[in-house]
Amino acid sequence: MPKSINRTYSRYTREATRLLGQMIKLKRTKRKITAKDLAERAGISRGLLQRIEKGDLKCEIGVVFELATLVDIKLFDADNSSLTGHINRTEETLALLPKHVRNTKEVDDEF
């Protein structure tokens with residue numbers, strides 16, 4: 001079994017993850033979907049759903065996004081078509097940038 005890595009997360013990351021988990025739980029509850037039913041629909045365990053709703057940072061991001069989609073939480077304030085447009089524009093911009101980032105020495109331009 002691989003050794004678990006102890007990561008440090010910023011306060012913003014911890015709070016954003018917690019907020020997204022709470023939003024998933026709120027939408028699920030408002031739609032009167034049980035934790036068991038949503039977990040089955042997403043193909044995950046009920047325990048994983050509960051960890052996500054509590055904001056556990058070790059949960060897989062794809063699963064979190066899928067749960068958000070299933071309870072109709074819009075991610076990135078975009079619908080599907082505008083999200084595709086954002087992806088295309090980002091890919092075009094990335095294609096123009098160098099493939100590798102190199103550390104460069106800071107130039108001393110003090111004359």
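The values are calculated or read from the model by the stated rules, or taken from the named source; none is laboratory data. Source: prediction; values computed, not measured. Heads up, the Cβs are rebuilt from the backbone with ideal geometry, glycines too, and the neighbour counts pull from every protein chain shown. These accessible areas exclude ligands, DNA and RNA; they are computed on the full protein's heavy atoms, side chains included. Shrake-Rupley method; radii C 1.70, N 1.55, O 1.52, S 1.80 Å.
A few notes on this one:
- Helix 80-96 and the long axis of the chain differ in direction by around 20°, with both axes built from C-alpha atoms.
- Accessible surface, per residue, of the chain when the full set of protein chains is kept, probe 1.4 Å, Å²: 89 Å²
- Peptides 21-27, 55-61, 91-97, 44-50 ranked from most to least packed by the mean count of surrounding Cβ atoms within 10 Å: 21-27, 44-50, 55-61, 91-97.
- Kirkwood hydrodynamic radius over Cα pairs of the range 7-60, then Stokes diffusion coefficient at 4 °C and 1.567 mPa s, in µm²/s: 113 µm²/s
- Overall, the accessible surface of the chain at a probe of 1.4 angstrom is composed of carbon and sulfur to the extent of 53 percent.
- The Cβ shell under 15 Å around Ile87 holds other residues with a net charge of -3, Lys and Arg each +1, Asp and Glu each -1.
- For the chain, the longest principal axis of the C-alpha atoms and the axis of helix 11-30 are separated by about 30°.
- Pairwise Lys count, the chain - Cα closer than 24 Å, eight or more residues apart or different chains: 19
- Of the options (1) 2, 9, 15, 15, 13, 14, 11, 8, 5, 3, 2, 1, 1, 0; (2) 2, 12, 20, 20, 11, 5, 5, 5, 5, 5, 4, 3, 2, 1, 0; (3) 2, 13, 28, 28, 20, 8, 0, only one is P(r) over Cα pairs in 5 Å bins from 0, in percent as computed from these coordinates, and that is (1).
- Relative to the longest principal axis of the Cα atoms of the chain, helix 61-70 runs at roughly 50 degrees.
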